[in-house]
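Report on one structure; see the data block that follows.
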């Protein structure tokens, strides 16, 4: 559309030539004298003005939904566990339990609870995964979130490192989405990193 407007405004000779060709196809008389040409140019300028106004008005009337800019995540995620069960195979320990989470000092303020599993290798390295249901407040909005995580302690310090992602939400957090990672010594608290945003496509 912009290209068409530019052609209409900047290339009157080109339009004039096209119009003459159109008249030839219709078997009508060409624009021959200067008076007719000038009259044509005036009419084209008026038409261009109306066309430009219509395009601008249409653009203003079209509803535009802009996704909210992602927000950096900060804070601490700590936990303890209950309801332990263990299995052993080939020197590997498999542990299942229920995590009880505390989110504080940052973007997420609240608590969480959910199941998780951990594999402990003979060398002491651990890998785990879980899913917690967070209840609380994020960016002054309240609701619940289902957060899934996977991680391990396969690093020189033996710290927990894990990725997290928001799967779903309810209440004012129904359309909150995001992901990131955590790093720290473990149950006493890991530092949260990542980005979150409210997705307008999920509203309602």
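A few comments on the model shown:
- Among the candidates 201, 87, 195, 141, residue that is over 20 Å from residue 72 (Cβ atoms) and at pLDDT 95 or above: 87
- Residue 123 vs. criteria under 20 Å from residue 189 (Cβ atoms), free of Cβ contacts under 8 Å to residues at least 24 places away in the same chain, in the same structural domain as residue 81 (by TED's automatic domain parsing) and surrounded by fewer than 15 Cβ atoms within 10 Å (Cβ to Cβ): no
- Scanning segment 174-204 for residues that are touching a residue at least 60 places away in the same chain (Cβ under 8 Å), more than 20 Å from residue 127 (Cα to Cα) and part of a loop (DSSP other than H, G, I, E, B) gives a single hit, 199.
Results for (1) closer than 29 Å to residue 195 by Cβ; (2) modelled with pLDDT of 95 or more, shown as yes or no for each residue.
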residue: 92; (1), (2): no, yes
residue: 98; (1), (2): yes, yes
residue: 102; (1), (2): yes, yes
residue: 117; (1), (2): yes, yes
residue: 124; (1), (2): no, no
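The values are calculated or read from the model by the stated rules, or taken from the named source; none is laboratory data. Just so you know, these numbers come straight off a predicted model, no measurement behind them. Cβ sites come from the backbone with ideal geometry, for glycine too, and all protein chains shown count toward neighbours.
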